[in-house]
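Contents: one structure, followed by commentary.
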Amino acid sequence: MNAHLPVLPVLVPMATAVLLIFGQAWSRGTRRWLSMAGLVVQGAVLATLGGVLAGQGPQAYFLGNWSAPFGIVLVADHLSLWLLWTTWALATAALVYACRGADGVNRRFHVLFHFQLMGINGAFLTGDLFNLFVFFEVLLIASYTLLNHGGGKARTRAALHYVTLNLVGSSVFLIALGMLYASLGTLNMAHLSERMAAVEGTAETLARGAGYLLLLVFGLKAALVPMYAWLPRTYAAASGPVAALFAIMTKVGVYAVLRIFTLLYGEQGRLAGLGDEVLFLVALLTLAAGSLGVFSAHNLRRLSAWMVVLSAGILMAAVAMGGAELLGAMLYYLAHTTLATGLLFLLADRIRERGGAEADDWRLASLPSPGPALGILFLVAAVAAVGLPPLSGFFAKAQLLLASHDHDWSWWYWLALLGSSLILLLAFSRAGSSLFWRRSGQAMAGYEPLAVLVLAGLAATLLVLALAQQPLMELAAKAAADLLDVDAYRQLVLGKEAG
Amino acid sequence: MLYLFLALPFVGAILPALAGNNRNLGASLAALAPLAALTGLLLNAGPIFDGGALVASVPWAPTLGLNLTVRIDGLAFLFAVLVLGIGLLIILYARYYLSARDSMPRFYALLLFFMGAMLGIVVSGNLLMMLVFWELTSIASFLLIGFWSHREDARKGARMALAITGGGGLCLLAGILLLGNIVGSYELDVVLAAGDVIRAHPLYAPMLILVLLGAFTKSAQFPFHFWLPHAMAAPTPVSAYLHSATMVKAGVFLLARLFPALSGTELWTLVVSSAGMATLLIGAYVALFKHDLKGLLAYSTLSHLGLITLLFGFNTPLAAVAAVFHIINHATFKASLFMAAGIIDHETGTRDMRRINGLWKYMPHTAVLAMVAAAAMAGVPLMNGFLSKEMFFAESLHLGLSGIAAWLPPLVATLAGVFSVAYSVRFIHDVFFNGEPIDLPKYPPHEPPRYMKIPVEILVAVCVLVGVAPAWIIAPLLDAAAGATLNGNLPDYSLAVWHGLNLPLMMSVIALVGGLLIYAFRHRLFSLHERLPEVDEKRVFEGLVRMSQGLAWRVTRVFENDSLQDYLRAMLMALVLALFAGLWLSPVDWRLPQMLPVDIPTVALGALLVVAAGVTALWHRKRVFALLLLSVVGLVVSVTFIRFSAPDLALTQLVVEVVTVLLLMLALFFLPDSAALESTARGRVRDAVLSSLVGIGVGAMAWLMMTTDVPRLADWFMAQSVPGGGGTNVVNVILVDFRGFDTFGEITVLAIAALGIYALLRELYLKAPELNGRGRPWAMETHPLILEVVSRPLLSLSLLVSLYIFLRGHNLPGGGFIAGLVTSVALLMQYVANGVSWVQSRIRSHYLAVTGIGLSVALVTGMGSWFFDRPFLTSAHGYLTLPVIGKMHLASALLFDIGVYLTVVGATLLMLSRLGRVSTLDRKRGGH
């Protein structure tokens, strides 16, 4: 089975989803166990894959047994593994949380949830640009339907915005693919990378244009300026577990820029470093927009959603600056921010479950307080999100600062990182003191130990990220090294007959 | 051992929760951990007094340079003793201070958490580790200041303290990272030994400023001083702890800690001494005018912190010794004064000095204690405060400056001394004498419980003992601490009470006399002060925050306005930029390629396409009409595919068109048949320009795509289709074999879409309109007879066609996808002709299950290749001879294609049948 490991993170959720399609008539409990079992198997697959990668290095998987660049190839390296694990951890927390009852609103929840994972995992694994498009479609359509989970006017409206923008994005993606195929004659990422090194003439124009278009498409996914404004309402409208899972979705855009621009527009050829300046500028603007949004938010959902925008800026700026050390730090931050925002979304949902649809709005001072258990959890989440010790956010920030200090743009980045942290500090202290302190009356009804346990579990991972930062940083450094070793990637995919 | 020592307060934080409502037990449990830690520390203090240090280190994150290094030298030892010792006294004091309504476990847990964090700062031997604890004290103090969370001033004070100290913490983070970068290590030993390297480094100045920002915010130095008075909303034990020995001392601790590494430059002197001087003066001056007991003490704390900072700013070893000495003294007398203030507040119910008068009569014991402590604060001889103040005066005179600069420090020092005497006198005279109490909430006041005074007594005793016999009591500790501060270069200094008649003594006398005089004329001064414009920093700060919040909200609203059109516009503008940047920045060769001959049908088709698309855009508000025109566009595209020899694509496109139009028709049924005009003329022009630009950009790129010639994969696909894929229809071989994984993904997309629509429409019932837009009723005959009659025999025919298309797929135009669509259309026609219920009652199979089966077939086929040790979706093909039909070519891809077929049929019908059932009309009539 080990030979097929790279494809399993796609097939396991797919198989789980298909089984669940047939299980529509089974009891809710059975479906839940099946759904969880799917994640457990996926975790086992990732653990095995991690072992294989550690022993034998990155793995290529040639689907249909067609050698690259003719067939489709999946490439599992430490970067993919890092993102797969992040997704898995987040998905597990979201799923367990949903199994407390939110999954009952719609019988298709578990099916869609696993299809969603299939799309995300596929995007992290594929070594073919058109196949990336296909997985983008899988995760787009699954996220669109998940977004509608639970129904209601706000959700439908937000989902419409989301899907329309993304369909335009898909069209642009297709155009960009056409341009790349026209100029380089291939869609295999390693092959593209190889041919890009020698591109010139009209093909260069097309490849350049395609690069900018891809930046636009991935920028939309990652919610960068000027395509960021859809995100807050969309994420705020989604049901809790769905919004939590969506915390990884913008990171798919970040990953795509990271992978494709390293391979295609990396170090070699006339288009080396394409878009770095633009990306950095746009990332800083996104960071600014996210900070303003966080600062102006008046409920926990929006605060968390704007956190997603803000972190996209932090991540993309690091991607634009590049360098092994900074990318390693960036990946550590990515895992941290994904899990922390996931926790925030779940917390907001829990408060609303207990206190009503607007209970996370801190302007409403007369509502009952969410109680000490959620208060402590919020404190933990806020400490992590703001970037205070002893949780992962602090170390992630320190690493980003440290790894970026000798870059030409470091002053900008430092200013942006520290400035946004201050704004986060103000925003979170206001949110916490208004939600948990000012509402001094009776605590909300509906205290539920299980929910607290789930949230505490997710919060504990933030502590684990901090405590185990040395081995994790080493893994992230390996991921960055795998990413940057373009020659090894080409060699792995194209083999001896490269040329 | 050292780690256990550091962990004790954190572990101890849990203990008080075990006590439940038993307050004595709770306090005892709380005291357990610090007592153990303090005992352990004192028992092992031997090497420290010999100038050594207790050190332990384990790596935590070596990549980051973060090690868990505990390093207890003299300075750390001094602070640890203060933190733990005064902490213990606070625990005892708080037992009597807190009322029954306050949660004792919560209070002690937070206090011990804070204690642990503070202990962490002082014993850290690694700067990053220190920073971790530094920020923890910010969090803990936030929670402690906001302990009475029902009070608005507590909440706001807490947030302000967090904002200022947390912001400073960020600066400190940046500063320490720079520092570590300069030195190459965060280990304190290394950093302290690298002073020369640090001072010579080009990044010294920004690094120093950042570090100092951290220290100044924490120690409430001007201009960041304003959070401290507002932190007085905390319960008094908290104030007594945070503002005497701990929180605010963290800043001056940092100055002391890094003194050997950072000091010794003009920049250091300039920045540190001016901040110190300003704080010293402002604090001392404002303290005099505060009517609130704790307010007075708060500003006096500011002033003393300024004094300590100023001493460090003097940049001489002797001044550093004086600073360390004053840190000890201030901690003792300020903690006891806060506790005394808390007792008075507790017993009288108010802290307003205009009302609390003449308490001498009611609580003489407390009065004595407060008087001694206040005398220490004022710097009266025979008190500890006198000694360090004397050293301060002496240092201010020996700076070796010239001109006016030489006069400024002693002048400021004396002036601050004058005010400090004045407010100390005021504290004593107003509270304990000055007539009778006025309108006290609790009357008559009386002495507090016996044990509440014990902590104060202990501290006051220390004040006096140090003041009388400094050489015996404090000298060893001060030697160790100051020696550590200076990294071993301790200068000679004298701790005698009497240094003879000299200039510093004169200054002390001036301060004492001046202070008494000022107090005597206080009424005139008060009225003068009241005429000064009052700057309420809290209001300024909060106003600033609120203003920026409002601004943030307004800016956010401009961009995040919930308008899909605006979002799309922003994206399309970016698209235009991207396209034209691509054209602009790289060479473009607009040469003409070798063209196909122009023929009339092609031109006509092209013209039709352009006209149909244009008219669609123009008349898009007439919905049905626009839809029909759109289908013309689709048809022309299909025909174009045929023109360029792509029959597969044409077939697919054609069937997709049919399904799409049907789907849209069903949806349009519920909408008015024309849309309202929503855009302005200007908006339309703008959009027209924007879309034209997109069109031009994409068109230009399309032109380039067609005129570029590079070797492409297509050639290989053409060559390999038969030998490799076993099929002559390259398109189908690509779909099910070469790139079968893409198809695998796409059928999943289709299935998800169907599921999604199914879920979306499940609970949706719309009322079908009875009239059309012009008010004419819809025909009641929903299923015309002719259609019914014709459609039924057509079904079997079209199913046969789809089977045929499916089977020939691998070699001739066709395949699972198209066949699936044809089948769907055939079944759909039955829906249209006969109604939902008629069909549903005849087709028992569940479309969802069909979709699932389709996906499973594809999945299982793909996995089948695993048994032959081949990757997922590897295809095998061979020839099979069947009776009647003859020799047939079979590929395992055919199985996969069945999966595709089933998924397409299931998904398409699932969507359309659901949509057809949305109407309430149909439900009511139960079909036909």
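The values are calculated or read from the model by the stated rules, or taken from the named source; none is laboratory data. Bear in mind that the values here come from a model prediction, so they are computed numbers and not experimental data. Every residue, glycine as well, gets a Cβ built from its backbone with ideal geometry; the counts of neighbours run over all protein chains shown. Calculation scope for accessible area: heavy atoms of the full protein, side chains included, ligands and nucleic acids excluded. Shrake-Rupley method; radii C 1.70, N 1.55, O 1.52, S 1.80 Å.
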Q) How big is the equivalent ellipsoid of chain A along its three axes, where each semi-axis is √(5λ) from the Cα gyration tensor, reported in whole Å from largest to smallest? A) 36, 26, 21
Q. For segment B:72-114, what size does the Cα cloud have along each of its three principal axes, sorted from largest down, in whole Å?
A. 42, 17, 7
Q. What percentage of the solvent-accessible surface of segment B:266-547, computed with a 1.4 Å probe over protein heavy atoms, is contributed by carbon and sulfur atoms?
A. 69
(Q) Place a point 7 Å from the Cα of A:Val464 along the Cα-to-Cβ direction; which residues of segment A:366-386 have their backbone N under 17 Å from it? (A) A:381
Q. Using the Cα gyration tensor of segment A:350-479, with a ≥ b ≥ c the square roots of its eigenvalues, what is the shape: rounded (a/c below 1.5), prolate (a/b larger than b/c) or oblate (neither)?
A. oblate
Q) Average projected area of the Cα convex hull of segment B:534-620, in nm²? A) 12.1
Q: Tell me what the protein assembly as shown gives for mean residue ellipticity at 222 nm when only DSSP H runs of n ≥ 4 count, each as -39,500 (n - 2.57), the sum divided by the residue total, rounded to 500 deg cm²/dmol.
A: -24000 deg cm²/dmol
**Q.** Nearest 10 degrees, 0 to 90: helix A:300-321 Cα axis against chain A principal axis
**A.** 30
Q: Would you mind calculating the relative contact order of segment A:277-467 from Cα pairs under 8 angstrom and at least 6 residues apart, reporting the percent as a whole number?
A: 28
Q) How far is helix A:324-355 tilted, in degrees, relative to the longest principal axis of the Cα atoms in chain A, given as a value from 0 to 90 rounded to the nearest 10? A) 30
Q. Counting only protein heavy atoms and using a 1.4 Å probe, what share of the accessible area of segment A:100-191 belongs to carbon plus sulfur, as a whole percent?
A. 66
Q.
Can you tell me the length gained on complete extension of the stretch B:Leu795 to B:Asp673, counting 0.36 nm per residue apart and subtracting the Cα distance?
A. 40.8 nm
**Q.** Label-point separation in nm, B:Val685 to B:Val197, each point 7 Å along Cα→Cβ
**A.** 6.8
Q: Give the Debye-formula value of log10 I(q)/I(0) at each listed q (0.16, 0.18, 0.20, 0.25 Å⁻¹), with one equal scatterer per alpha carbon of segment B:6-102, two decimals each.
A: -0.78, -0.89, -0.99, -1.24
Q. What's the extension gain from B:His529 to B:Ala461 if we count 0.36 nm per residue and subtract their Cα-Cα distance?
A. 20.9 nm
(Q) Please compute, for peptide A:383-393, the average count of beta-carbon atoms on other protein chains lying within 10 Å of each residue's beta-carbon. (A) 4
Q. What longest region of chain A stays clear of GluC sites (Glu not before Pro) that DSSP places outside H, G, I, E and B and that have at most 16 other Cβ atoms within 10 Å?
A. A:1-199
Q. What percent do you get for the relative contact order of chain B when only Cα pairs under 8 Å and 6+ apart count?
A. 8
(Q) Given contacts defined as C-alpha pairs under 8 Å and at least six residues apart, what's the relative contact order of segment A:111-224, whole-number percent? (A) 25
Q | Sparse-neighbour loop sites [trypsin sites (Lys or Arg not before Pro); segment A:283-370; at most 10 other C-beta within 10 Å; DSSP] | A | A:Arg363
Q: Rounded to the nearest 100 Å², what's the accessible area chains B and A bury against each other, both chains counted, probe 1.4 Å?
A: 10000
Q) Roughly what angle does helix B:740-762 make with the longest principal axis of chain B, taking Cα atoms, 0 to 90 degrees, to the nearest 10? A) 80
Q) Just counting partner chain Cβ atoms within 10 Å, what average do the residues of peptide B:576-584 show around their Cβ? A) 6
Q: May I ask you to derive the FRET efficiency for B:Ala475 and A:Leu415 from their Cβ-Cβ distance with R0 = 41 Å, giving the value to the nearest 0.05?
A: 0.30
(Q) Which log10 I(q)/I(0) values does the protein assembly as shown give at q = 0.04, 0.07, 0.08 Å⁻¹ under the Debye formula, counting every alpha carbon as one identical point scatterer? (A) -0.31, -0.82, -0.98
**Q.** Residue-averaged beta-carbon neighbours from other chains (10 angstrom radius) around A:57-65
**A.** 5
Q) Hey, got a sec? Which GluC sites (Glu not before Pro) in segment B:510-590 land in a DSSP loop and have at most 14 other Cβ atoms within 10 Å? A) B:Glu534
(Q) Using 0.36 nm times the number of residues separating B:Leu43 and B:Leu787, minus their current alpha carbon distance, what extension gain do you get? (A) 257.7 nm
Q. For segment B:1-262, rounded, prolate or oblate, judged on the Cα gyration tensor with a ≥ b ≥ c (square roots of eigenvalues), a/c < 1.5 rounded, else prolate if a/b > b/c?
A. oblate
Q. Considering only protein heavy atoms, what per residue accessible area in square angstrom results for the protein assembly as shown with a 1.4 angstrom probe?
A. 37
Q.
Quick check: pseudo-label points 7 Å beyond the Cα along Cα→Cβ at B:Val598 and B:Arg808, how many nm apart are they?
A. 3.6
(Q) Need one number: nm distance between label points at B:Met718 and B:Ser837, each 7 Å from Cα along Cα→Cβ, rounded to one decimal. (A) 5.8
Q) How far is the Cα center of segment A:465-490 from the Cα center of segment A:169-244, in Å? A) 24
(Q) Considering only protein heavy atoms and a probe of 1.4 Å, how much of the accessible area of segment B:1-262 is carbon and sulfur, as a whole percent? (A) 67
Q: Please report how far the C-alpha centroid of segment B:208-276 lies from that of segment B:427-474, rounded to the nearest whole angstrom.
A: 27
Q.
Using a Förster radius of 41 Å, what is the FRET efficiency between B:Lys442 and B:Asp50 based on their Cβ-Cβ separation? Nearest 0.05, please.
A. 0.20
Q) Amide H neighbours of B:His877 under 5 Å, counting only residues 5+ apart in sequence or on other chains, H built in-plane at 1.01 Å? A) B:Ser892
